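Novice: Quick one: structure below, then a few questions.
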Amino acid sequence: MLKLALLSIWNRRGTIFLTLLTLSISVTLLMGVEKLRHDTKQSFFNTVSGTDLIVGARSGSLPLLLYSVFGIGQPTNNIRWSSYQQIASQEAVAWTIPITLGDSHQGFKVIGTENSFYEHFKFGRQQSLSMAEGHFFDDLFDVVLGAEVARALGYQLDDAVVIAHGLGRGSFAQHQDKPFKVSGILNATGTPIDRNLFISLAAWEAIHIDWRAGTRIPGMNLDADAVKARDLTPKELTAFMVGLQSPMATFHMQRAINTYRTEPLQAILPGVALQELWQVLSIAEKSLLIVSACVIFASLTGMLGILLTSLNERRRELAILRAVGAGPLRIMVLLLSESVFLTLLASALGVGMMYLLVFSFQDWIALEYGVFLTLNGLTPEQVRLLLWIQLAGLITGLIPAIKAYYYTLIDGLTPKI
């Protein structure tokens, strides 16, 4: 029966191909949306762990989380260095990671920080950062690359890197007089860390010491050697992460920072902010799934129409099968086999197309939107969706199969006028 079903499909290959193409594209869309939903969620929740508080200028929990962790958006204001020092010196504080943002290199963001970033930052399930090559900051003009930056730009240790002023991809304001040297390359983390460059806070101050309001100060041009003799203590920060001695102190410290009198600051709990962010995104995610499911339904409806149309054209074929001994049940199984095979083939092609698209566009999506798509196997949710598609295909094929079950030998051999 399987061989007969395949031969029957091949005999109607033109019509079947169009049906298969439509259904495959629908499966690709549904699987792609589910893949995007799953990997987006994983990217969000694996980005930072082990951090008790994130502190920045008062702007709202989601904007602070987005620009400090995901590198999306820009801060409304900076934090005074004196405020950072005062909070970092509290007895309840175990460690801090200062962060300064605002510069870039060929579309990748540059983060000013300290060695505490490498020592204390954790992602995923409390995983620490590790070096694939080299070391973190030793010299003033050392730069450490995320794994994706090194791969995309082809950088190696000791290569020269010139940082651009601002976040624009085509920025003409370059810190060419103070080039950096690649001192280390981080191992891949699957988080936005992979797409960042890291320099020290002193180096950040050094490259901006002769700049004001985004432009170079006229007549002031200090080279790399000259700035080393200057005081390179930072004046401002964008944000900083806090690790506490005890989780019991989290809410007390958060309240103290939120009511800080010297300047308006905000401290957020990363886990709570991530949940809030996902709740906002889940609306769009569910909407996309509904749209994809409607596309699948439309494709299956089209397949049903084609099967019913071809059923009328195949009356003589079915009558001949009945004449050579095939019973009504066998005819029914034949039509069901064709429907199941088409759905299976469309599902396989759809999954293959989905992985091809992920492979082709994962770098671009990561660069543009900060979402890291992986080429891992199918998730349980995706397998469940494929089973539902298969069940829907079986039900779709059941309708013409039941109709064919009641065809008699005379129905197929009697000419219709």
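The values are calculated or read from the model by the stated rules, or taken from the named source; none is laboratory data. Note that the structure is a prediction, hence the values are computed from the model and not measured. Here the Cβ positions follow ideal geometry from the backbone for every residue, glycine too, while neighbour counts run over all protein chains shown.
Novice: For the subset of segment 365-417 comprising residues that are of a type in the set (Gly, Ala, Ser) and surrounded by 14 or more Cβ atoms within 10 Å (Cβ to Cβ), which member is modelled with the lowest pLDDT?
Specialist: Per the criteria, the residue is GLY412.
Novice: May I pose another question? Of all residues in segment 140-157, which are in contact with a strand residue (DSSP E or B) (Cβ under 6 Å, 6 or more places away or on another chain) and surrounded by 19 or more Cβ atoms within 10 Å (Cβ to Cβ)?
Specialist: Across segment 140-157, the qualifying residues are PHE141, ASP142, VAL143, VAL144, LEU145, GLY146, VAL149, ALA150.
Novice: Looking at segment 184-301, what strands (runs of 3 or more DSSP E) fall wholly within it and have at least 3 residues that are out of contact with any helix residue (DSSP H, G or I) (no Cβ under 6 Å at 6 or more places or on another chain), at pLDDT below 80 and loosely packed, with under 13 Cβ neighbours inside 10 Å?
Specialist: Details: elements: 196-200, 239-244, 265-268.
Result: empty, no element qualifies.
Novice: Tally up the residues in segment 36-94 that are of a type in the set (Val, Ile, Thr) and in a loop (DSSP other than H, G, I, E, B), please.
Specialist: So the answer is 5.
Novice: Among the residues that make up segment 95-106, is at least one of them part of a loop (DSSP other than H, G, I, E, B) and either assigned by TED's automatic domain parsing to the domain that holds GLY124 or of a type in the set (A, V, I, L, M) (or both)?
Specialist: The initial filter retains those residues of segment 95-106 that are part of a loop (DSSP other than H, G, I, E, B), namely 106.
Among the residues that remain, those that are also either assigned by TED's automatic domain parsing to the domain that holds GLY124 or of a type in the set (A, V, I, L, M) (or both) are: 106.
Scanning segment 95-106 turns up at least one residue that is part of a loop (DSSP other than H, G, I, E, B) and either assigned by TED's automatic domain parsing to the domain that holds GLY124 or of a type in the set (A, V, I, L, M) (or both).
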